[in-house]
Amino acid sequence: ADGLAVARMVAQVTFRSDNVFTDRFGRDLADRARLGDTFGLWQQFEVERYLEHHGTKLVRRFDANSYLVIGKAMDLHDVARGRGDLESAMSRVHAPALVIGISSDLLYPNYQQRQIAAVLHAAGNRSRYVEVDSPHGHDAFLINLDQLAEPIAAFLAA
């Protein structure tokens, strides 16, 4: 259980950008009202408390093996696997495509999304690239719904 909690804590840091954590927590110490400004070895920063909370929350609701499988699936996802290269894989796509990148996404960086859109376009596909400008990293698709709604609605209406 501790390993899964730590994995979630690391994932939280990866899913969001440094700016989000800095803006929200800075270098604030937890329990400052009780402990004052003295810093002891076991005193926590607020960001640590937040990350531990989310780690514990995941342990209560998620099977560790499922988390491993999801992580591995994300690592192994490669549209070109078994299809030659990216260009060959994308040449098989004949439906219009909306490709969305997130400016601060570390898991699926926006340069990769731009590359996919460019390869689709070069293959004659009617594709559109939209970039969501967000400090929330990979989680922006859960948080910045306002930036996603319009381009998705326009794409579906076209």
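Within this structure, Gln113 passes the test of being surrounded by 16 or more Cβ atoms within 10 Å (Cβ to Cβ), at pLDDT 95 or above and within 30 Å of Val13 (Cα to Cα). Only one of the listed residues (Phe25, Phe15, Phe21, Phe45) is surrounded by 13 or more Cβ atoms within 10 Å (Cβ to Cβ), of a type in the set (Phe, Trp, Tyr) and either touching a residue at least 40 places away in the same chain (Cβ under 8 Å) or closer than 30 Å to Ala154 by Cβ (or both). That residue is Phe15.
Look at Gly71 and say whether it is surrounded by 13 or more Cβ atoms within 10 Å (Cβ to Cβ) and in a helix (DSSP H, G or I). Spelling it out, it is not the case that Gly71 is surrounded by 13 or more Cβ atoms within 10 Å (Cβ to Cβ) and in a helix (DSSP H, G or I). Reported count of residues in segment 10-25, each being in a helix (DSSP H, G or I), more than 17 Å from Lys72 (Cα to Cα) and under 17 Å from the mean Cα position of the chain (by Cα), is 5. Taking the condition closer than 29 Å to Val10 by Cβ and modelled with pLDDT of 95 or more, does Tyr129 pass? Here the answer is no, as Tyr129 does not meet what is asked.
The values are calculated or read from the model by the stated rules, or taken from the named source; none is laboratory data. Quantities reported herein were computed from a predicted structural model and do not represent experimental measurements. Cβ: placed from backbone, ideal geometry, glycine included. Neighbour counts: every protein chain shown.
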